[in-house]
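Step one of this worksheet: look at the structure below.
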Amino acid sequence: MNRISKIIAITVLAASSTAVIAQGYSGPSATSVSPASPSYTGPSAVPTMTAKQLLANGVDDQYVTLNGKLVRHTGGKHYVLADPSGEIQVEISQKYFPANQTIDANTAVELTGKFDKERFGTSKLEVKQIKVVTK
């Protein structure tokens, strides 16, 4: 491959990857994220709780579902989910954001993940699945 072909190939790859990265969360302190892979959407035995219930009664490594809105991005993979009972810290890898859907501070979401209960410090939900809730 000659030098000009290599430069053209690199330019095309860079331009196409920028378009893919522009999906995901766009609320306060938004950063670019990549699309998520398809996931199971059927019934689940994972309990649905509120942020307050989970923080008060949740056990370490418990799987749980929370409904609310991602009201803040606090840096990196860290966000704040708010529901009518209060707020909880959540950790979301970019790969879990739904493909072709933008999530902002007004988007209702359902988060499923593993609770990381800390004796000292801040407990958080490590998100494994995000669903946008439509009314």
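Readers should treat all values here as calculations from the given coordinates under stated rules, not as data from a laboratory. Just so you know, these numbers come straight off a predicted model, no measurement behind them. Note: ideal-geometry Cβ built from the backbone for every residue, glycine included; neighbour counts use all protein chains shown.
What does the C-alpha gyration tensor say about the overall shape of segment 76-118? Classify as rounded when a/c is under 1.5, otherwise prolate if a/b is larger than b/c, or oblate.
In terms of gyration-tensor shape, oblate.
Grab the Cα-Cα distance for Glu118 and Val132, subtract it from 0.36 nm times how many residues apart they are, and report the gain in nm with one decimal.
Contour length minus Cα-Cα distance gives 2.2 nm.
Restricting to Cα atoms and excluding each atom paired with itself, what does the Kirkwood estimate give for segment 52-133 in Å?
12.7
Order these by the 10 Å Cβ neighbour count, fewest first: Ser123, Ser44.
Placing the least packed residue first, the sequence is Ser44, Ser123.
May I ask you to sort Tyr63, Tyr96, Tyr79 by Cβ crowding, counting other Cβ atoms within 10 Å and putting the fewest first?
Tyr63, Tyr96, Tyr79
If each of Ala45 and Arg3 carries a label point 7 Å out from its Cα toward its Cβ, how far apart are those two points in nm?
Those two pseudo-labels are separated by 6.4 nm.
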